[in-house]
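The values are calculated or read from the model by the stated rules, or taken from the named source; none is laboratory data. Only a predicted model underlies this, so the values are computations on that prediction, with no experimental measurement involved. Quick reminder, even Gly has a Cβ in these numbers, built from the backbone with ideal geometry, and neighbours come from all protein chains shown.
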Ligand SMILES: Nc1nc2c(c(=O)[nH]1)N[C@H]1C(S)=C(S)[C@@H](COP(=O)(O)O)O[C@H]1N2
Ligand SMILES: [Mo]
């Protein structure tokens with residue numbers, strides 16, 4: 001199938017979706033097949049596995065706009081999450097259905113010497129391409145497991161993925177436009193828009209220092225090929241170490257401003273309590289909040305799924321991933337006795353501090369029965385996963401030590 005055909009399918013799928021919506025029916029993509037239902041261990045359980053364009057069947061959290069999660073068995077395939085398995089999250093239902101790369105323009109405006117309107121070729125011509133492997137994780141990943149339960153999408157653990165991004169440093173683009181004195185923040189928006197005029201646009205802001213730092217980049221390739229349509233084709237902002245909310249998809253407009261941006265998705269949503277633990281007592285409201293920032297240290301077992309059966313006295317290799325906000329992983333440990341004793345896992349290849357770090361551990365279950373396998377990571381600066389993450393009203397940045405319940409038979 002040619003790239004053009006692929007785009008047409010995407011177009012048809014989404015047009016079909018919107019006309020069905022208009023008729024008051026449930027949005028269901030043309031090529032979607034609900035293959036099976038994956039049961040989650042939380043109240044809002046039972047996720048349909050649905051295949052969207054360029055995607056394998058993924059767990060559908062919501063249909064319009066699409067929010068799809070990666071089943072954990074797919075995260076076990078490789079340290080770089082395959083493009084067709086990468087999770088998808090949008091906020092606004094008017095998502096683009098087809099994009100003409102020949103006429104695509106990225107605007108850079110506001111407090112700059114020279115406003116720019118760049119074609120994709122123009123963007124690529126600004127400097128040497130760079131590559132970085134980095135984790136994209138939604139702020140609300142795992143919210144569905146949090147208690148007390150809070151408003152918002154009930155996410156499982158699969159709104160996370162790791163990819164090799166190729167693009168141009170954001171600072172190169174900003175320097176080309178010439179940031180003027182008095183710049184305070186830079187805002188970013190993409191091609192998606194609200195259905196109703198009263199719904200705020202999805203615009204995010206970075207402080208000027210972060211925007212001009214080395215890591216943030218405008219990427220046009222993901223794992224060596226085009227970014228899948230639903231992950232932000234043709235270009236996407238990558239902010240290594242920071243939650244996915246800043247990683248604007250279908251990036252179309254960059255504006256340098258002299259104040260702190262007041263839009264809804266910075267001032268009202270995606271905020272955490274403004275203190276060291278980013279937490280408050282359960283069920284209470286913080287006095288002061290700030291925009292969410294960097295990822296916290298986390299780890300998962302990917303080689304065994306909850307409820308899986310394994311044989312007693314047969315050695316197996318446990319495998320999984322660990323990541324943090326950019327210091328890198330110092331160690332990963334596994335416990336089979338509820339956290340009393342911990343065994344040190346072997347870390348895999350280091351693809352950089354913003355990447356998933358693979359870990360493995362030889363393990364022989366010696367007794368029959370239920371086992372809760374726990375995994376715990378420690379970052380290079382000593383940050384360690386807590387048994388229970390401190391609470392915040394949106395259950396963002398959840399990073400409790402995970403337990404995978406299995407059955408030894
Ligand atoms: N244009 C646009 N970019 C966006 C969003 C969006 O709604 N629109 N959502 C953000 C959020 S909250 C997340 S978690 C990531 C998800 O990236 P993905 O869909 O490529 O996995 O995209 C971010 N970028
Ligand atoms: Mo997100």
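For segment 285-308, a residue qualifies if it is assigned to a loop (DSSP other than H, G, I, E, B), on the phi < 0 side of the Ramachandran plot and in contact (Cβ under 8 Å) with a residue 60 or more places away in the chain, and the qualifying residues are 285, 286, 292, 295, 296, 297, 302, 303, 304, 305, 306, 308.
Those strands (runs of 3 or more DSSP E) of segment 161-223 in which at least 1 residues are farther than 20 Å from residue 96 by Cβ and free of Cβ contacts under 8 Å to residues at least 60 places away in the same chain, considering only elements entirely within it, cover 203-207. Of all the listed residues (217, 222), the sole one being crowded, with 22+ Cβ neighbours inside 10 Å and more than 10 Å from ligand 1 (Cβ to nearest atom) is 217. For residue 126, only one of the following conditions fails: (1) surrounded by 18 or more Cβ atoms within 10 Å (Cβ to Cβ); (2) touching a helix residue (DSSP H, G or I) at 6+ places or on another chain (Cβ under 6 Å). What is its number? Only one criterion in (1) surrounded by 18 or more Cβ atoms within 10 Å (Cβ to Cβ); (2) touching a helix residue (DSSP H, G or I) at 6+ places or on another chain (Cβ under 6 Å) is unmet by residue 126, namely (1). Restricting segment 225-261 to residues that are more than 14 Å from ligand 1 (Cβ to nearest atom) and closer than 19 Å to residue 183 by Cβ leaves a set whose member that is surrounded by the most Cβ atoms within 10 Å (Cβ to Cβ) is 256. Against the list (1) at pLDDT below 95; (2) away from ligand 1 (no atom under 16 Å from the Cβ); (3) outside any loop (DSSP other than H, G, I, E, B), the condition residue 144 fails is (2). Among the candidates 128, 113, the residue that is without any contact (Cβ under 8 Å) to a residue 60 or more places away in the chain, away from ligand 1 (no atom under 13 Å from the Cβ) and either closer than 28 Å to residue 256 by Cα or assigned by TED's automatic domain parsing to the domain that holds residue 258 (or both) is uniquely 128.
Scan segment 254-284 for residues that are over 22 Å from the mean Cα position of the chain (by Cα) and either within 10 Å of residue 392 (Cα to Cα) or assigned to a loop (DSSP other than H, G, I, E, B) (or both) and the total you get is 13. Applying the set (1) over 28 Å from residue 149 (Cα atoms); (2) surrounded by 20 or more Cβ atoms within 10 Å (Cβ to Cβ); (3) under 25 Å from the mean Cα position of the chain (by Cα) to residue 350 leaves exactly one unmet item: (2).
Quick one: would you say residue 111 is touching a strand residue (DSSP E or B) at 6+ places or on another chain (Cβ under 8 Å) and either over 20 Å from residue 191 (Cα atoms) or within 16 Å of ligand 2 (Cβ to nearest atom) (or both)?
The answer is yes for residue 111.
When the criteria are applied in full, residue 144 fails the requirement of being within 16 Å of ligand 2 (Cβ to nearest atom) and closer than 19 Å to residue 118 by Cα. Close contacts from segment 139-152, counting a first residue that is closer than 16 Å to residue 281 by Cβ and a second that is within 16 Å of ligand 1 (Cβ to nearest atom), with Cβ to Cβ under 6 Å and a gap of 6+ residues or different chains, come to 146/395; 146/398; 150/395. Criterion applied to 151, 188 was being in the same structural domain as residue 244 (by TED's automatic domain parsing), within 16 Å of ligand 2 (Cβ to nearest atom), closer than 30 Å to residue 272 by Cα and loosely packed, with under 15 Cβ neighbours inside 10 Å, and the one residue passing it is 151.
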